[in-house]
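Contents: one structure, followed by commentary.
What follows is calculated from the coordinates using simple rules that are stated; it is not laboratory data. Note that the coordinates shown come from a computational prediction; the quantities given were computed from them, not determined experimentally. Ideal geometry is used to build each Cβ from the backbone, glycine not excepted, and the neighbour counts take in all protein chains shown.
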Amino acid sequence: MSRVPSDSCARTFRYSSVACEIFVFALAGWFVGPYVFGMPGGDVIGMFIGAIFGTFFMFLTLFYMAGVFGQKGKQEKAS
């Protein structure tokens with residue numbers, strides 16, 4: 001039975017967890033929303049804000065994984 005290197009497993013877990021970020025933030029907003037807004041429908045508003053934050057953090061994570069941050073410095077050193 002062959003073993004998969006731990007770096008490969010860590011990368012796979014990191015990439016698969018990106019898809020769950022929006023759901024996790026929306027779920028957190030659903031739980032926190034009624035306490036923060038204190039009105040009927042606060043859970044929906046919290047879920048919406050959580051989904052927006054989750055989308056923002058998902059894109060930040062994807063850009064970080066793709067190496068978009070720091071590209072400018074690499075191009076300046078190459079030329």
message: Highest mean first, how do 54-64, 25-35, 6-16 rank when packing is the count of other Cβ atoms within 10 Å averaged over residues?
response: 25-35, 54-64, 6-16
task: Let me have the relative contact order for region 20-64, percent, based on Cα pairs under 8 Å that are six or more residues apart.
output: 45
